[in-house]
Amino acid sequence: MADTNALEQLLIIMQTLRDPEGGCPWDLKQDFKSIVPHTLEEAYEVADCIESGNLPELKNELGDLLFQIVFYAQLAKEQNLFDFNDVVEQLNCKLTRRHPHVFNNKQTLTDEQLAKQWQAIKAQERAAKINPVDAPLWQDIPANMPGLSKAKKIQQRVASLGFDWPTYHGALDKVSEEVLEVKEALERDPYSQHSAEEIGDLLFATVNVARHVKRDPEQLIRQANDKFSARFEKVQGYLIAKGKSLDTATLEEMDQAWEAIKKAK
């Protein structure tokens, strides 16, 4: 467990950085909105460490991410909104409230029971925030959340209400249906708004398949990006070995290189 003194020292360091009399000019210029891009970057660096297996560097990246939270808490303290201790206290309450099977009525639940309990608790929390009659279903889903993650969140929300395929088979059939609709739209006009909407529907349906098989779509697309990038770098090496380059190679030559790399896997 982290030394309490170390955490106290971190809060003091943050307060010093924001001291108008002798703090850091860069830190003093920041506000809630200006820090957001840095927070997102640090979160992705944590994810990259884990997904690439670079666990020795994870401690450093987690520290950078923690600093973002401490920074927001300091800004809030300066505006008399809340402080870091308030953040921790609210988190403690939330964790115990959302895990009654651990902290209240000790019992073992299946994954399905846990999912239903989680959605029920989240629904109660949403209802407590505003009038449940007027409450939008998506009120607590961030507007700027990455699209694939947001699609998954929306699908989870309606699934908790019973609007869902029983298994992944229905979701996969829907993907096939959307593929046909994309083809039809593209044949009419590939650059129309209708074509764009149909492609969006296909992406949304694909996310549903990933959700049904317990996969995170955002993580899957990152992995697919990495897989493609690594393979194409091998294509480049393959062409160079044959006295070619990506600038001079034809599409046919790149395709041949691609297939050769796939077979050599």
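Rank Ala185, His169, Ala143 by how far each Cα sits towards the positive end of the charge dipole of the range 135-190 (+1 on Lys, Arg Cβ; -1 on Asp, Glu Cβ) and give me just the farthest. With unit charges placed on the Cβ atoms, the residue in question is Ala143.
Where the accessible area of the chain is counted over protein heavy atoms with a 1.4 Å probe, how much of it, in %, is carbon and sulfur?
So the carbon and sulfur contribution to the accessible surface is 57 percent.
Pairs of Lys residues in the range 197-265, spaced 8 or more positions apart or belonging to different chains, with C-alpha separations under 21 angstrom: 14 in total. Treating each Cα of the chain as one equal point scatterer and applying the Debye formula with no solvent, the log10 of I(q)/I(0) at q = 0.14 Å⁻¹ comes out as -1.29. Extension gain for Lys106-Glu51 works out to 16.4 nm (0.36 nm per residue, less the C-alpha to C-alpha distance). Using a probe of 1.4 angstrom and keeping all protein chains present, the accessible surface of the range 28-104 works out to 66 square angstrom per residue. Rounded to the nearest 10 degrees, the angle from helix 168-188 to the longest Cα principal axis of the chain is 60 degrees. What the range 159-265 shows is 72 Å² of accessible area per residue, with the surface traced by a 1.4 Å probe over protein heavy atoms. Dipole orientation for the chain: of the candidates Pro37, Gln90, Ser245, Gln90 has the Cα lying most toward the positive pole (charges on Cβ; Lys, Arg +1; Asp, Glu -1).
State the number of lysine pairs found in the range 1-128 whose Cα atoms come within less than 23 Å, restricting to pairs 8 or more positions apart or on distinct chains.
Lysine pairs, 8 or more places apart or on different chains, close enough: 8.
Placing dummy labels 7 Å off each Cα toward the beta-carbon, the span from Leu81 to Leu65 is 2.1 nm. For the chain, the longest principal axis of the alpha carbon atoms and the long axis of helix 147-159 meet at an angle near 70°.
Solvent-free Debye calculation, one equal scatterer per alpha-carbon of the range 37-117: log10 I(q)/I(0) at 0.11 Å⁻¹ equals -0.50. Whole-Hz Karplus values for the range 255-261 come out as 5, 5, 5, 4, 5, 4, 5 Hz, taken residue by residue from phi with 6.51 cos²θ - 1.76 cosθ + 1.60 and θ = phi - 60°; glycine and proline positions read x. Compute the angle between helix 32-52 and the longest alpha-carbon principal axis of the chain, please, reported from 0 to 90 degrees and rounded to the nearest 10. Approximately 60 degrees, to the nearest ten.
The values are calculated or read from the model by the stated rules, or taken from the named source; none is laboratory data. Because the structure is predicted, anything quoted here is derived from the model rather than measured. So basically every Cβ, Gly included, is an ideal-geometry build from the backbone, and we count neighbours across all protein chains shown. For accessibility, only protein heavy atoms count, side chains too; no ligands or nucleic acids. Shrake-Rupley method; radii C 1.70, N 1.55, O 1.52, S 1.80 Å.
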